[in-house]
């Protein structure tokens with residue numbers, strides 16, 4: 001598997017199945033309370049492939065410290081958050097400048 005030599009991979013990452021470089025999650029949306037659809041893009045400028053992936057919460061390994069009934073706990077069966085799109089800071093600044 002090939003990796004870019006100019007980037008340090010200090011945290012867990014997903015490798016591109018086409019070229020082996022790192023994939024970045026650029027958007028996600030809820031499918032259910034325990035499933036989330038992820039949209040990923042390869043960081044290699046030569047590749048730039050995009051993928052759809054699924055994140056699944058299988059089981060709780062360490063129980064939460066929040067006691068039952070705590071207001072910070074989500075209600076059972078509550079709706080997951082809406083679509084969240086992540087953008088680079090420089091791209092956001094460019095959009096803000098052209099929109100003004």
Test set (1) touching a residue at least 24 places away in the same chain (Cβ under 8 Å); (2) exposed (fewer than 14 other Cβ atoms within 10 Å of the Cβ); (3) within 25 Å of residue 76 (Cα to Cα) - residue 46 fails condition number: (3)
Of residues in region 19-43 being more than 11 Å from the chain's Cα centre (by Cα) and more than 28 Å from residue 59 (Cβ to Cβ), the one surrounded by the fewest Cβ atoms within 10 Å (Cβ to Cβ): 20
Near pairs, Cβ below 7 angstrom, 6+ apart or cross-chain, from region 53-73 (within 25 Å of residue 38 (Cα to Cα)) to any residue that is outside any strand (DSSP E or B): 56/34; 57/34; 73/66
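The numbers here are math on the coordinates, done by the rules we state, and not lab data. Here the structure is a predicted model, which is why all the values come from computation and not from measurement. Note that we place each Cβ from the backbone using ideal geometry, even for glycine, and neighbour counts take in every protein chain shown.
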